[in-house]
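Below is one structure, written out as structure tokens, with a few remarks after it.
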Amino acid sequence: MSDQAQGLRNLIRHQNAERNQSTRIITVTSGKGGVGKSNFTLNFALALQNRGFKVLIFDADIGLANIDVLMGISPKYNLYHLLKREKSIWEIVQTGHNGIQFIAGGSGFNDLIRLSEEQLDYFAEQVDQLNGHVDFILFDTGAGLSKETLKFIVAAQETIVVTTPEPTSITDAYAIIKMVNSMQHPVDFRLVVNRITDWREGRQTADKISMVARQFLQLEIPTLGFVYDDSNVIKAVKRQVPFSVAFPNSAASKSIGELADGFIANGPQVQSSSGSVKSFLSKMMKLMK
């Protein structure tokens, strides 16, 4: 297992070197709330970290930021303190379970969309310091079609869409893919189907979205994987401990581990520097001005 993990680490670092970047920016989003997006983000980040990578979660869910709640942590500082120049980027980086690093959004993202050009430049300068510090930055965005969520998706260009087998979740997942596609920015989408009862249900759900996207958008949506419905997830949420930490041998935890292995092995679909911190920030600044 250790040899396999080392091989995966070498692979991703080789991919990063080829793209002349050391940090990959990934947004995680969903068409609607309640599909387990933040829970997925947290445990996916932990799975990547368990495989030897440095990961930072940026809680970008405006108004409903809850990565800290899932870990039972009350962060001392958040994005607000950075934007007010009260703290540096390094001072607002918090540490959670198993040493996972995260930045709490708090009310900061409401201020972010109203910053002056000078303040935006300061924000970009601070966040750019994270480049090379970690292998991955995962932005846990808000659910749905808010302008803020769309900006994060378009800027990052590498996005994981989380859905469930419920018809409304499938419809809303497709809606967000369609909206981003209409903005005419190339985005590397990958699909995760959460809370499946069996593999067939997951496959059918993913195929529905992929087929419609291919037919009407001429867009290929690869499937990253499935996460099984697991009563241990709710137990972990109540205990405010990530389910992959509280129940490492549960069906959901094993699913997340397989997803992480597949994600690392396959690499990004967009072979360029488009996912780098510098490129991400540049696009974010243009979209916000």
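Here the range 144-289 has an Rg and Dmax of 16.3, 47 Å, counting Cα atoms alone. Remark: Val162, Val180 ranked as Val180, Val162, counting other beta-carbon atoms within 10 Å and listing the fewest first. Placing +1 on the Cβ of every Lys and Arg and -1 on the Cβ of every Asp and Glu, with nothing else charged, gives the range 2-288 a dipole about its Cα centre of roughly 160 debye.
Taken over the range 2-288, the ratio of Cα radius of gyration to 2.2 N^0.38 Å equals 0.94. Each of Phe247, Phe216 was scored by other Cβ atoms within 10 Å of its Cβ. Listed from fewest to most, they are Phe216, Phe247.
The numbers here are math on the coordinates, done by the rules we state, and not lab data. Since this is a predicted model, take the numbers as computed values, not measurements. Glycine also receives a Cβ, built like all others from the backbone with ideal geometry; neighbour counts cover every protein chain displayed.
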